[in-house]
1. What number goes with the only condition from (1) surrounded by 10 or more Cβ atoms within 10 Å (Cβ to Cβ); (2) at pLDDT below 90; (3) outside any loop (DSSP other than H, G, I, E, B); (4) of a type outside the set (Asp, Glu) that residue 12 does not pass?
2. Restricting the search to region 28-62, which residues are at pLDDT 80 or above and part of a loop (DSSP other than H, G, I, E, B)?
3. Which condition number in (1) outside any helix (DSSP H, G or I); (2) surrounded by 10 or more Cβ atoms within 10 Å (Cβ to Cβ); (3) out of contact with any His (no Cβ under 9 Å at 6 or more places or on another chain) is the one that residue 23 fails?
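The values are calculated or read from the model by the stated rules, or taken from the named source; none is laboratory data. What you are looking at is a predicted structure, and each value in this text was computed from that prediction instead of being measured. Cβ sites come from the backbone with ideal geometry, for glycine too, and all protein chains shown count toward neighbours.
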Amino acid sequence: MMKKKPVLFAGAGIVLFAVSAFVFIRHSNDHKECSTVSSATTNQAGVQIISTRHLCREPFSF
C-alpha cells in the first residue's frame with residue numbers, strides 16, 4: 001500500500017505541471033502581432049465574395 005503513494009504523487013505532479021503549462025501558454029498568447037485582413041471581390045455572376053486571412057508576424061503561434 002505504501003508504494004502506491006509515491007506513484008500517485010508523481011502522477012498528480014505531472015498532470016498538474018501539464019495543466020499549468022497549457023494554461024500559461026493559452027493565457028500568454030495575446031497575438032499582438034497578428035491581424036485579420038478582409039478583401040471583397042465580385043465574381044462574373046455578380047456575387048460578392050468576402051475573403052478573410054489571419055496574418056501573423058510571429059514565428060510560432062500556439
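1. (2)
2. 43, 44, 45, 46, 47
3. (1)
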